[in-house]
Amino acid sequence: MFKKIGIFLQMIKFEHTVFALPFAFMGALLGSMVMSGSLPSWRDIGWIIIAMFGARSAAMGLNRLIDRVSDAKNPRTAKRAIPAGLLKAGEVIVFIAFSFFLLFWAAFKLNPLSAKLLPIAVFLLVFYSFTKRFTWACHLILGLTIALAPLGGWVAVTGKVDLTAMVFYFTIMFWTAGFDVIYSCQDVEFDKKEGLRSIPVRFGVAGALKIAKVFHILTGLGFISLLFMAHLSWWYIVGMVIAYIILFYEHHIVSPNDLSRLQTAFFTMNGVLSIVVFSFTLIDLVVQTYK
């Protein structure tokens with residue numbers, strides 16, 4: 001049983017939760033402070049964790065199920081659980097259904113708006129896995145999907161959506177799209193062969209890396225906007241500066257002629273960035289609350 005659980009966690013890349021979960025918590029923190037001037041309750045945090053686990057597990061399960069044929073053809077992905085025969089399609093379908101149950105359960109426990117927004121969330125979670133088949137803008141669709149984490153955290157504690165929440169949403173959308181473009185550069189030849197769409201396929205690796213830089217410049221502008229819109233202070237500024245350094249380094253270590261450090265740019269740098277921005281935002285808000 002434990003081995004099977006480990007395979008499921010490997011399938012959904014559980015360690016990649018570090019990308020979205022800190023920003024979900026940050027959305028909850030900012031929303032609670034902006035709307036009520038207090039930190040979110042532990043009850044809300046608990047339901048946010050359940051909702052995040054359900055949403056991300058459902059999305060990754062769907063992606064692996066829908067892409068199982070192309071994954072089997074790609075040497076980089078052929079050892080994934082379904083093409084490798086470690087999991088059956090039926091088992092993954094049951095896992096997806098259970099994950100959606102967790103998402104729905106948590107959303108209805110949080111507030112009415114969280115429940116009302118579920119159709120949009122489910123649509124994006126399902127729709128993303130098909131986008132690479134017909135549009136090179138698939139990275140932006142992934143960004144819109146992943147950015148539901150901070151927006152969901154905000155809605156979970158406020159029951160509202162305002163301009164600050166939407167600025168945060170699009171900030172994380174461009175951040176996600178940027179690092180996904182970089183990650184997709186490693187599959188450009190396979191994608192061309194299979195007729196799959198992506199920014200690297202459409203614009204070439206060099207062009208794709210330039211577009212990723214533009215996306216991350218927009219991310220930086222979004223973080224600056226949050227500084228003023230959410231009334232943050234110098235602790236947040238420190239985290240923001242570190243995030244800029246990380247983004248600069250991420251683009252510095254990859255080039256059209258050298259993608260050897262792509263995994264570092266994709267996973268390590270972006271995982272650190274999300275934790276850093278959340279941590280310094282938390283410190284900032286705690287200091288403001290108890291000063």
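Descriptive notes on the structure:
- Per residue, the average separation of C-alpha pairs within less than 8 Å and at least 6 apart gives the chain a relative contact order of 21 percent.
- Note on the chain: helix-only mean residue ellipticity at 222 nm, from DSSP H runs of 4+ residues weighted -39500 (n - 2.57) and normalised by residue number, equals -25500 deg cm²/dmol.
- Placing a pseudo-label 7 Å from each Cα along the Cα-to-Cβ vector at Ile283 and Thr135 gives an inter-label distance of 4.0 nm.
- Given a 1.4 Å probe and the protein chains as shown, Val157 ends up with an accessible area of around 40 Å².
- Anchor Lys210: lysines whose Cα lies under 23 Å away (excluding residues fewer than 8 positions away in-chain): Lys132, Lys192
- Carbon/sulfur fraction of accessible area - region 1-290, other protein chains in place, 1.4 Å, %: 71
- Heavy-atom accessible area for Lys192, with the other protein chains in place and a 1.4 Å probe, reaches approximately 110 Å².
- Heavy atoms of the protein chains alone define the surface here; on that basis region 1-290 has 46 Å² accessible area per residue at 1.4 Å probe size.
- Contact order for region 77-213, expressed relative to its length and based on alpha carbon pairs under 8 Å spaced 6+ residues apart, stands at 22 percent.
- The chain, Cα convex hull volume normalised per residue, Å³: 122
- With only Cα atoms counted, region 34-176 has Rg and Dmax values of 16.5, 53 Å.
- Taken one residue at a time, the phi angles of region 183-198 give Karplus couplings (6.51, -1.76, 1.60, θ = phi - 60°) of 4, 5, 4, 6, 10, 4, 5, 5, 4, 4, 4, 8, x, 8, 9, 6 Hz. Gly and Pro are set to x.
- Entries of Lys79/Lys213; Lys73/Lys116; Lys3/Lys79 with Cα pairs more than 28 Å apart: Lys79/Lys213; Lys73/Lys116
- Converting phi to 3J(HN,Hα) with the Karplus coefficients 6.51, -1.76 and 1.60 and the offset θ = phi - 60°, region 38-52 yields 9, 7, x, 6, 5, 4, 4, 4, x, 5, 5, 4, 4, 4, 5 Hz in sequence order, with x at every glycine or proline.
- In this view, the solvent-accessible surface of Ile45, computed with a 1.4 Å probe and all protein chains in place, comes to about 30 Å².
- If you take the Cα centroid of region 16-63 and the Cα centroid of region 91-133, the two points sit 14 Å apart.
The values are calculated or read from the model by the stated rules, or taken from the named source; none is laboratory data. Keep in mind that this is a model prediction, so the values were computed, not measured. We place every Cβ from the backbone using ideal geometry, glycine too, and count neighbours over all the protein chains shown. Just so you know, the surface numbers come from the protein's heavy atoms only, side chains and all, with ligands and any DNA or RNA stripped out. Shrake-Rupley method; radii C 1.70, N 1.55, O 1.52, S 1.80 Å.
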